[in-house]
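Enquirer: My structure is below; once you've seen it, I'll send some questions.
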Amino acid sequence: MSADGKIADASRAAARFPSATDKAHLERQIAKADATLFGAGTLRAYGTTLPVTNTDLIEARRSRHQPDQPVQIVCSAMGNFDPQWPFFRQPVPRWLITTLEGMRSWREGRAAEAGEQPFEHVLITERPFNWHNVMQDLLNGKSALSSAANRPAIQNLVVMGGGELVASLLSDGLVDDLYLTVCPLLIGGKTAPTPVSGLGFTLPRTPQLTLRSCQVEADEVFLHYSVCR
Ligand SMILES: NC(=O)c1ccc[n+]([C@@H]2O[C@H](COP(=O)([O-])OP(=O)(O)OC[C@H]3O[C@@H](n4cnc5c(N)ncnc54)[C@H](OP(=O)(O)O)[C@@H]3O)[C@@H](O)[C@H]2O)c1
């Protein structure tokens, strides 16, 4: 995020300001995970996801008996995706968490243009999303929310943003750790998104954090917080 706490500008375009060091830091977090989760707004901004490309990190995954790439999970209530996004051609496993309405809109819309298997698994939940049920389903690898069998269990999930998704997971008490990189620029703007958006929390009942580590590299500050229970 920028030094004034923004993750993109007011147009919600892709935020490409982090340094190579920050990208490598993010890739290391992703490489530890069984899956990453991101909101449809983040996918709309980038059109792609971040696969693991560092060969040492891929080798480390193999030695932990993990597949080369973590599963990339998109959440969207509406299921409104552009099948031309490069995301649908990236060599990564893709899953979707959506509503019945979202699944119908995607499947009856342009899903066929997105290739043979745009999403390996689709988990259907109610609206608003019941994240406790979703997380239980991901963790168990069982399919209360999808008809598919043999889905791998997701134990280590990295949430990539954006602010709306992170806010809903925080408000349900489902975030353990927060990694923030403060980048040396200012974005400003009332409507530019921040790491946590949604309705906001009311003081003093806001999520509280404990600082686990703080590293400075060149002009960036790498923060790791755990979320207090
Ligand atoms: N700097 C960074 O590190 C970074 C990282 C990530 C994102 N970003 C930026 O953040 C912006 C996107 O963030 P955002 O807050 O606008 O969007 P977001 O959280 O990525 O996505 C919002 C969309 O995701 C779905 N969604 C999220 N939470 C949901 C929930 N609880 N229940 C149901 N659906 C849910 C909905 O999709 P539908 O509308 O399809 O139903 C919603 O409209 C972009 O500008 C991107 O560039 C920056």
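Enquirer: Enumerate the calculated ³J(HN,Hα) couplings along the stretch 9-14 in order (Karplus 6.51 cos²θ - 1.76 cosθ + 1.60, θ = phi - 60°), each rounded to whole Hz, writing x wherever the residue is Gly or Pro.
Expert: 8, 5, 7, 6, 6, 4
Enquirer: Give me the Kirkwood hydrodynamic radius of the stretch 73-208 in Å, from all C-alpha pairs, to one decimal place?
Expert: 16.8 Å
Enquirer: So how do His65, His224 line up by other beta-carbon neighbours within 10 Å, fewest first?
Expert: Exposure proxy ranking, most exposed first: His65, His224.
Enquirer: In debye, nearest 20, what is the charge dipole magnitude of the stretch 58-127 about its Cα centre with +1 on Lys and Arg Cβ and -1 on Asp and Glu Cβ, if you could check?
Expert: 180 debye
Enquirer: Which net charge results when you count Lys and Arg as +1 and Asp and Glu as -1 among the other residues whose beta-carbon is under 15 Å from that of Leu174? Please report the intermediate quantities before stating the final value.
Expert: Numbers: positive: Arg229; negative: Asp137, Glu164, Asp172, Asp176, Asp177.
Net of charged neighbours comes to -4.
Enquirer: Given H placed on each backbone N at 1.01 Å, which residues far from Val159 in sequence or on other chains put an amide H within less than 5 Å of it?
Expert: HN-HN under 5 Å from Val159: Leu37.
Enquirer: Separate question: In the chain, if the dipole is taken from +1 on Lys/Arg beta carbons and -1 on Asp/Glu beta carbons about the Cα centre, which of Phe222, Gly102, Trp85 is farthest to the positive end?
Expert: Going by the charge dipole, the pick is Gly102.
Enquirer: For the chain, what is the charge dipole size about the Cα centre, in debye to the nearest 20, if Lys and Arg each add +1 at the Cβ and Asp and Glu each add -1 at the Cβ? Intermediate results must be reported in sequence, preceding the final value.
Expert: On the way: 22 positive and 23 negative charges, 55 e Å.
It works out to roughly 260 debye.
Enquirer: Pairs of Cα atoms under 8 Å, at least six residues apart: use those to get the relative contact order of the chain, whole percent. Let's see the in-between values first.
Expert: Numbers: 391 pairs, mean separation 56.6, N = 229.
Computed value for the chain: 25 percent relative contact order.
We did not get these values from a lab; they are worked out from the coordinates using the rules stated. Owing to the predicted nature of the structure, the values given are computational and were not obtained by experimental measurement. For neighbour counting, all protein chains shown are included, and Cβ atoms are generated from backbone atoms with ideal geometry for every residue, glycine included.
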